[in-house]
Amino acid sequence: MTGHKFEDEILKECDIRGVLDRNLFKEDAYFVGKSFGTKLKKMNKTRCVTGYDGRKSSPALNREVVRGLTEAGIEVIEIGLVPTPVVYFAVSELHPGGGIAITASHNPPEYNGFKFITDEGPFFADDLKELAEISRTASFSTGEGSSRKENIIPSYIKHLSKFIARDLKSFSIVWDPGNGAAGATLPYLLERIPGKHKVICGDVDGNFPNHHPDPSVEANVRMLQETVNNEGADLGIAFDGDGDRIGVVDSEGYLLQGDQLLTIYAGTYLKENPGATVMTEVKAS
């Protein structure tokens, strides 16, 4: 087999991401699977989880990833349409060795891409360069892999339920998955949280018809702000396209930025873990 070169601009620091049919193609997904499968085999791992977000192109890209993985001799566990954190949970829960999430996170509908993880930790930077080199030089493992489907969502919701405080007060909360992948799991979680809940933009729709799925931008949480005000709710919580980041609106419609949320979380964490280290990022409000 001849090698396959990915466009340089889709190779990011932490993932592979681009615009479908402009610099990211269905063929790329096949070689992503084949190259990552080869890397897993080098790490003495033989199984991999795949999951995908709600973008229109994601199911087809997943099929190609699975084809590449199985041709590299990997046993694939397909968990279907899920938020990215469910893929990470599945790697921890099912012990497959690695996982791929087909997603472009908070990017517009025409984008898609791939996030990776192994049971040894994150897969990024030099790991992605090695993956691209495996593909370019056609240094692929071969074998007869297989694939099967598994519904991991019940186990994931059960896991999340462990973190719901038993004395949690009954709040009125508005939730906005932004028509992203979080809409596939949120209803099951809300059954376990006390209080009054209203969900907007809950249907998974890869066209993101209501607003762009990036809750860190004020313009994208206006629907949430308005609904919180109209409902007299205590707060609103929005998710990005693949459900691995949130935006929070308070009872007056004020959007809390990430570092502001961190101070709230850190206050609770440090009460329970005095003197512990709290890590933040370079962006600040």
_Separation in nanometres of the label points that stand 7 Å from Cα toward Cβ, at THR263 and ASP126_ = 3.8
*Given LYS5/LYS115; LYS5/LYS45; LYS41/LYS158; LYS56/LYS198; LYS115/LYS198; LYS198/LYS271, which pairs have Cα atoms separated by over 21 Å?*
LYS5/LYS45; LYS41/LYS158; LYS56/LYS198; LYS115/LYS198; LYS198/LYS271
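Suppose the chain between GLU150 and THR277 were pulled fully straight at 0.36 nm per residue; how much longer would it get relative to their current alpha carbon spacing?
Details: separation 127, 0.36 × 127 = 45.72 nm, distance 3.74 nm.
Gain in length upon complete extension: 42.0 nm.
What does the C-alpha gyration tensor say about the overall shape of the range 1-80? Classify as rounded when a/c is under 1.5, otherwise prolate if a/b is larger than b/c, or oblate. Before the final figure, lay out the partial values.
Numbers: a/c = 1.75, a/b = 1.26, b/c = 1.39.
Taking the square roots of the gyration eigenvalues as a ≥ b ≥ c, the range 1-80 is oblate.
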*Nitroxide proxy distance, nm - points 7 Å out along Cα→Cβ at ARG136 and GLU191*: 4.9
*If you take every DSSP beta bridge whose two residues both sit in the chain, what share of them, in percent to the nearest 5, is antiparallel?*
40
_What do you get for the angle between helix 126-137 and the principal long axis of the chain? Use alpha-carbon atoms, 0 to 90 degrees, nearest ten._
30
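Please work out whether the chain counts as rounded, prolate or oblate from its C-alpha gyration tensor, where a ≥ b ≥ c are the square roots of the eigenvalues and a/c under 1.5 means rounded, while otherwise a/b larger than b/c means prolate and anything else oblate?
On the way: a/c = 1.93, a/b = 1.73, b/c = 1.11.
Prolate is the answer for the chain, as a/c is 1.5 or above and a/b outweighs b/c.
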*Helix-derived [θ] at 222 nm for the chain: sum -39500 (n - 2.57) over DSSP H runs of at least 4, divide by residue count, nearest 500?*
-10000 deg cm²/dmol
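From the C-alpha gyration tensor of the range 185-285, pull out the three semi-axes of the equivalent ellipsoid (sqrt of 5λ each), sorted largest to smallest, in whole Å.
Values: eigenvalues 127, 56, 43 Å².
Taking √(5λ) for each Cα gyration eigenvalue gives 25, 17, 15 Å.
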*For ASP240, residues with placed amide H under 5 Å, excluding near neighbours*: ARG245
*asked:* Which of the three applies to the range 183-230, rounded, prolate or oblate, going by the alpha-carbon gyration tensor with a ≥ b ≥ c and a/c under 1.5 meaning rounded?
replied: oblate
*Going by average Cβ neighbours within 10 Å, how do the peptides 143-150, 226-233 rank, with the highest at the top?*
226-233, 143-150
*Distance in nm between label sites at ILE164 and HIS212, each 7 Å beyond Cα in the beta-carbon direction?*
3.4
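Values quoted throughout were computed directly from the atomic coordinates according to the rules given, and no laboratory measurement underlies them. Given the structure is predicted, the values throughout are model-derived calculations rather than measurements. Neighbour counts are summed over all protein chains in view; Cβ atoms, including those assigned to glycine, are modelled from backbone coordinates with ideal geometry.
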